[in-house]
Amino acid sequence: MCKKLPENYEKALEKWEKMTITSDPMFGMVMQNKEICLELINRALPNLKATQIVQLTTQKDINVVAGRRVRYDVYVQDEDGNIIVIEMQVADRQNLPYRLRYYQEQIDHGLLLPGKDYRNLSLHPTYVIMFCDFDYFGYGWARYVFEMACTRNHQLKLGDQRTVVIFNALAKEFTKDEQPIKNFLALMQNQVDNKSSFITKIQDEIVKIKQEPERGRGFMRFELDLMDARREGREEGKQRLVKFLSDQDTAPSEIVAALVNVYQMTEKAAQEYVAEHVKTPGGHE
């Protein structure tokens, strides 16, 4: 007798097979290859000239404060103490500057131990690199670089050694020093430069990862657990909605309409759900 596969297994498997470099899990797994990660950093930050990664963590959790968890796709420290955080961002949630502000604060919070002087932060210049599948600022530039500067004299830098670099994968024009990252941004748009050894290395790494059974099983377990959690949350939401409307003596037909509108249920499924969960006037469910 064949063992029944978990619900949503096929959906999770399809997601695994279709994952590209822009998928958070796949991006993190590819960046676990230090050679690829180091080359991407140096292409993104050509002036850094890093030669060695001494710490590399993917999906790194930093400081849980007031229930808000920060998880970086890639967290790197190079041989000179530079901290480089790399993020892949494909959805424009209209909050990028504020997200970056929070990221920077949490990086420093993790670096400065209690009782230590603020000058210890000078040992760890920080770079946050965001690879975006959209142009947040709308100038069409491939790369936006931000450092703290005086509004009266832009040449006067604050000197806090914090740098934010945001890449726009939709860019059509590139300056000379942006050429090294051009084919990676193109890859984010599923345009593969087969003449680039770097891009070939990334593509080969993706194929290798997808062929590793343990990686696939790990992703499937994570994805199925996530789907279960979402379903449980959805179920809890439906129950709360039905109870609230029922307590307000809302007609069953209106509760059905609410379920159809809010949770995109079919009318038949909503009717069955209401019949199962709404108490009758006689006090029975």
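The values are calculated or read from the model by the stated rules, or taken from the named source; none is laboratory data. Note that the structure is predicted; figures quoted are calculated from it, not measured. Cβ atoms come from the backbone with ideal geometry, glycine included; neighbour counts cover every protein chain shown. Accessible surface areas use protein heavy atoms only, side chains included; no ligands, DNA or RNA. Shrake-Rupley method; radii C 1.70, N 1.55, O 1.52, S 1.80 Å.
For this structure, a couple of remarks:
- Of everything in segment 217-231 that is of a type outside the set (A, V, I, L, M) and surrounded by fewer than 16 Cβ atoms within 10 Å (Cβ to Cβ), the residue that is modelled with the lowest pLDDT is 230.
- Long-range neighbours under 7 Å by Cβ, at least six apart or interchain, first residue farther than 15 Å from residue 28 by Cβ within segment 199-215, second loosely packed, with under 13 Cβ neighbours inside 10 Å: 200/194
- Here residue 22 clears all of (1) in a helix (DSSP H, G or I); (2) open to solvent by less than 40 Å² (accessible area, probe 1.4 Å); (3) at pLDDT 95 or above except the condition numbered (1).
- Residues in segment 164-185 that are in contact with an Asp or Glu (Cβ under 6 Å, 6 or more places away or on another chain) and either small (Gly, Ala, Ser) or over 20 Å from residue 135 (Cβ atoms) (or both): 169 alone.
- Residues of segment 28-73 classified as modelled with pLDDT of 95 or more and either open to solvent by less than 20 Å² (accessible area, probe 1.4 Å) or part of a strand (DSSP E or B) (or both), total: 13
- Residue count for segment 124-150, restricted to those that are open to solvent by less than 40 Å² (accessible area, probe 1.4 Å), of a type in the set (A, V, I, L, M) and assigned to a strand (DSSP E or B): 3
- The condition (being open to solvent by less than 70 Å² (accessible area, probe 1.4 Å) and without any contact (Cβ under 8 Å) to a residue 24 or more places away in the chain) is satisfied by just one residue among 153, 82, 120: 120.
- Filtered residues of segment 165-177 (kept if open to solvent by 20 Å² or more (accessible area, probe 1.4 Å) and under 24 Å from residue 91 (Cα atoms)): 170, 172, 173, 174
- A count restricted to segment 160-180 and to residues that are over 20 Å from residue 85 (Cβ atoms) and small (Gly, Ala, Ser) stands at 1.
- Qualifying residue in segment 187-206 (condition: assigned to a helix (DSSP H, G or I), open to solvent by 80 Å² or more (accessible area, probe 1.4 Å) and of a type in the set (D, E, K, R)): yes
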